[in-house]
Amino acid sequence: MATWVLSECGMKPLAPVFPRPRIGAALSSSSKVGFSDTNKSVADLKFQPLRCNLRDRNWGLKVSTPLRVASTEEEEQTNVVDVINGTNGVDHEKRPEFDPGAAPPFNLAEIRAAIPKHCWVKDPWKSMSYVARDVIVVLGLAAGAAYLNNWLVWPLYWAAQGTMFWALFVLGHDCGHGSFSNNPKLNSVVGHLLHSSILVPYHGWRISHRTHHQNHGHVENDESWHPLSERVFRSLDTATRMLRFTVPFPLLAYPVYLWQRSPGKTGSHFDPSSDLFLASERKDVLTSTACWAAMLGLLVGLGFVMGPIQLLKLYGVPYMLFVMWLDLVTYLHHHGHEDKLPWYRGKEWSYLRGGLTTLDRDYGWLNNIHHDIGTHVIHHLFPQIPHYHLVEATEAAKPVFGEYYREPKKSAPLPFHLIGDLIRSLKTDHFVSDTGDVVYYQTDSEINGSAKSE
């Protein structure tokens, strides 16, 4: 019948299509076509006279059906694709929720293979150019502030110089990882100069930071900003809890950490006999401690020359802002995501799974100033990649990461949004269970609430 109608209107008849029998309605409820009634005969059907006045005909399509009906073979092929993709015709929103604590379906070799080869190349001249840039900016800011010596200028100077001290730290951090150059002596000399200038013991911190990378995401073995077990959390006195979980005190923790490490751990970054270090590393620790002491002596001497107030304004306040930068950035690289992230113990921990719990952060205009330190996931997995290749390496690895990569929030020119992430995390991320190989942060309210429900 359809073929005859189209022929009478001067159109090419459609090829006959024999659709697969379907159960239920063929169209939605908005259509006027309902269930087919097989009890009616052809005589019961009423047809209106066909009019094919081409001049008066409105050729606009006023139907919601597709312009082309899929054949049975195409439908079967679509069903096969659905099965292969795991959707089986079901909406993606109904798929099982992603479990960040599950073992990833890829390995380190696959991530490494996705990263372009040139991203692994270290250019010492390029690295030194960043050092020269930062040192020139630091000296220029100090000279300008000292010359103007105006209370309208000092707050701007403190913010800028504190950020630049943090940038110097990041370059020294690259020296410690060996991503600055392939020359260990150059790395050591530059690292000592940069870190000692901001009162960081280069080798002492380098070794403990290596421990952090080797054990990232492990509840007990991680070195910095690792979670407290419930037992340790309950043992903390009120003052220690306040210092650990109340802003701004956690942002001033770094100097204390250098002297006595984190709660639940013992040792010092200045003590060569600390259990942080191997016997073969004690000479390096002594060298760095001596450089740190020399810088401290230089600052005392400058205090006598220019006066303690001027030294406080030129160096002391920027140093404290640098410490706040360091604590903020390092904390938020491992905490503060909207979704709770896993921490591991025992057989569930692996270098890859621990590294995938780290977070990238966007710092707006400051990304380049502090050398893309916010591009942190790839850095944690492959710390030998120079900072100037981290962004490209991350983009190349994202298809491999899949849902295990958490896209950072886009920052405004200045990353004030991160303060909210910090405060929220300090209120909720208090401790993890004393048992279990895959654990998540908990709070007192969660524990008390579950106890009441039982």
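The values are calculated or read from the model by the stated rules, or taken from the named source; none is laboratory data. Because the structure is predicted, anything quoted here is derived from the model rather than measured. All Cβ positions, glycine included, derive from the backbone under ideal geometry; neighbour counts span all protein chains shown. With ligands, DNA and RNA removed, areas are computed over all heavy atoms of the protein, side chains included. Shrake-Rupley method; radii C 1.70, N 1.55, O 1.52, S 1.80 Å.
Descriptive notes on the structure:
- Top-ranked residue in the range 384-397 [being open to solvent by less than 20 Å² (accessible area, probe 1.4 Å) and not small (Gly, Ala, Ser); ranked as farthest from CYS175 (Cα to Cα)]: THR394
- Flag for ARG206 being open to solvent by 30 Å² or more (accessible area, probe 1.4 Å), in a helix (DSSP H, G or I) and at pLDDT 95 or above: yes
- You will find that of LEU139, LEU186, the residue that is open to solvent by 40 Å² or more (accessible area, probe 1.4 Å), in contact with a helix residue (DSSP H, G or I) (Cβ under 7 Å, 6 or more places away or on another chain), at pLDDT 95 or above and at negative phi is LEU186 and no other.
- Given (1) touching a residue at least 60 places away in the same chain (Cβ under 8 Å); (2) over 21 Å from PRO342 (Cβ atoms); (3) touching a strand residue (DSSP E or B) at 6+ places or on another chain (Cβ under 8 Å), index of the condition GLU230 fails: (2)
- When the range 240-254 is filtered for residues that are in contact (Cβ under 8 Å) with a residue 60 or more places away in the chain and either loosely packed, with under 15 Cβ neighbours inside 10 Å or closer than 19 Å to PHE322 by Cβ (or both), the ones remaining, listed by number, are THR246, VAL247, PRO248, PRO250, LEU251, LEU252, ALA253, TYR254.
- Test: LEU321 is open to solvent by 40 Å² or more (accessible area, probe 1.4 Å) and outside any loop (DSSP other than H, G, I, E, B): yes
- Residue check, ASP134 surrounded by 17 or more Cβ atoms within 10 Å (Cβ to Cβ), in contact with a His (Cβ under 8 Å, 6 or more places away or on another chain) and not small (Gly, Ala, Ser): no
- Residue within the range 221-236 that is open to solvent by 40 Å² or more (accessible area, probe 1.4 Å), part of a loop (DSSP other than H, G, I, E, B) and either touching a His at 6+ places or on another chain (Cβ under 6 Å) or among the acidic types (Asp, Glu) (or both) present: no
- Within the range 300-314, the set of residues being free of Cβ contacts under 8 Å to residues at least 24 places away in the same chain and open to solvent by less than 40 Å² (accessible area, probe 1.4 Å) comprises GLY301, GLY303, GLY307, LEU311.
- Some residue of the range 333-348 being in contact (Cβ under 8 Å) with a residue 60 or more places away in the chain, buried (at least 16 other Cβ atoms within 10 Å of the Cβ) and of a type in the set (Gly, Ala, Ser): yes
- Selection within the range 158-167: residues that are more than 24 Å from the chain's Cα centre (by Cα) and surrounded by fewer than 21 Cβ atoms within 10 Å (Cβ to Cβ). The member of this set that is farthest from GLY144 (Cα to Cα) is ALA159.
- In the range 103-118, the condition of being at pLDDT 95 or above, acidic (Asp, Glu) and either loosely packed, with under 13 Cβ neighbours inside 10 Å or within 21 Å of the chain's Cα centre (by Cα) (or both) is met by at least one residue.
- Checking each residue of the range 168-181 against the condition of being open to solvent by 10 Å² or more (accessible area, probe 1.4 Å), in contact with a Phe, Trp or Tyr (Cβ under 8 Å, 6 or more places away or on another chain), at positive phi and in contact (Cβ under 8 Å) with a residue 24 or more places away in the chain gives no match.
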